[in-house]
1. Return the pair list, or none, for Cβ contacts closer than 8 Å from residues in segment 68-80 that are acidic (Asp, Glu) to residues that are surrounded by fewer than 21 Cβ atoms within 10 Å (Cβ to Cβ), at least 6 apart or on different chains.
2. Among the helices (runs of 4 or more DSSP H) confined wholly to segment 77-163, which include 1 or more residues that are within 18 Å of Ala214 (Cβ to Cβ) and acidic (Asp, Glu)?
3. Take segment 24-45 and flag every residue that is of a type in the set (A, V, I, L, M) and either more than 21 Å from Pro84 (Cβ to Cβ) or more than 11 Å from the chain's Cα centre (by Cα) (or both).
4. If only one of Ala140, Ala176, Ala172 is over 19 Å from the mean Cα position of the chain (by Cα) and at pLDDT 95 or above, which one is it?
5. So, in segment 166-182, how many residues would count as being within 16 Å of His34 (Cβ to Cβ) and not in a helix (DSSP H, G or I)?
6. Of the residues that make up segment 143-165, is at least one farther than 18 Å from His34 by Cβ, among the basic types (Lys, Arg) and modelled with pLDDT of 95 or more?
7. What pairs come out if I take residues in segment 224-246 that are hydroxyl-bearing (Ser, Thr, Tyr) and pair them with residues that are crowded, with 16+ Cβ neighbours inside 10 Å and part of a strand (DSSP E or B) whose C-beta lies under 7 Å away, six or more apart or interchain?
8. Out of everything in segment 27-84 that is charged (D, E, K, R) and under 24 Å from Phe163 (Cα atoms), what residue ends up being surrounded by the fewest Cβ atoms within 10 Å (Cβ to Cβ)?
Amino acid sequence: MNHLFRRCAAAAALAGVLAAPAHAADKPTIVLVHGAFADSSSWDGVTAKLEKDGYTVIGAANPLRSVKGDAAAVAAVVKSVSGPVVLVGHSYGGSVISAVSGAGNIKALVYVAAFAPEAGETAVGLSGKFPGSTLGPTLAPPVALADGGKDLYIQQAKFHDQFAADVPEAKARLMAAGQRPITDAALNEASPAPIWKTIPSWFVYGKADKNIPAAALEFMAKRANAKKTVAIDGASHVVMTSHPAEVAKLIEEAAK
């Protein structure tokens, strides 16, 4: 009887394994890096879709202090992951993921309305390379820091129209209140040699982006020889918040 029971139990276990969906362990981990004036909650819709499809997701906390320092912080997160990683950056987060070094487990880069700088370029310089950015006049008076630096915020009253025009107003108000500041030094820091030259990249952005002109985003995608570029009509700078399905789909394409 015990022998029969063991055989039945083994058969049931095997059937369970064969019927189970692909586990997250079989897929690369997705590391999401937010940009300036945002936090990891801006990825909530994307995260939900990726997790539903069996991916492990980490929302890395981007310090927003300096390109090299922020890249080192993200690199530490990536190196802590056992197995391959798809590294995803939004806005200034693109400058950060481009500068991550020493993490040999990165298999793909995804730029979401993000900077993909060449060595020596800055976020400020790239956003002004083509006409269309209206960010400057919407910034609040800088907050002086003890070390002599300055923190930058978007004025809350102007946040919805400038940063998240295609997000419901109530949601945009919450985003404005919880925005993370970035130092002016980070936006003006020259980037090191980028890893997009050796790691394949994918790009998605909104054609109605008011922070980084669509022309600049298209230019950077072409320069990086992106495997695929998706430009979404009417989408704002926070395309991952307003169009999570499209963004998650591209990330999954990069993961495969």
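1. Listed pairs, sorted by first residue: Asp70/Pro63.
2. Helices (runs of 4 or more DSSP H) meeting the threshold: 156-163.
3. Ala24, Ala25, Ala36, Ala38
4. Exactly one of Ala140, Ala176, Ala172 is over 19 Å from the mean Cα position of the chain (by Cα) and at pLDDT 95 or above, namely Ala140.
5. 6
6. Scanning segment 143-165 turns up at least one residue that is farther than 18 Å from His34 by Cβ, among the basic types (Lys, Arg) and modelled with pLDDT of 95 or more.
7. Thr229/Phe203; Ser236/Gly206
8. Asp44
The values are calculated or read from the model by the stated rules, or taken from the named source; none is laboratory data. Since we're looking at a predicted model, the values are computed, not measured. Positions of Cβ are generated from backbone atoms using ideal geometry, with glycine treated the same way; all protein chains shown enter the neighbour counts.
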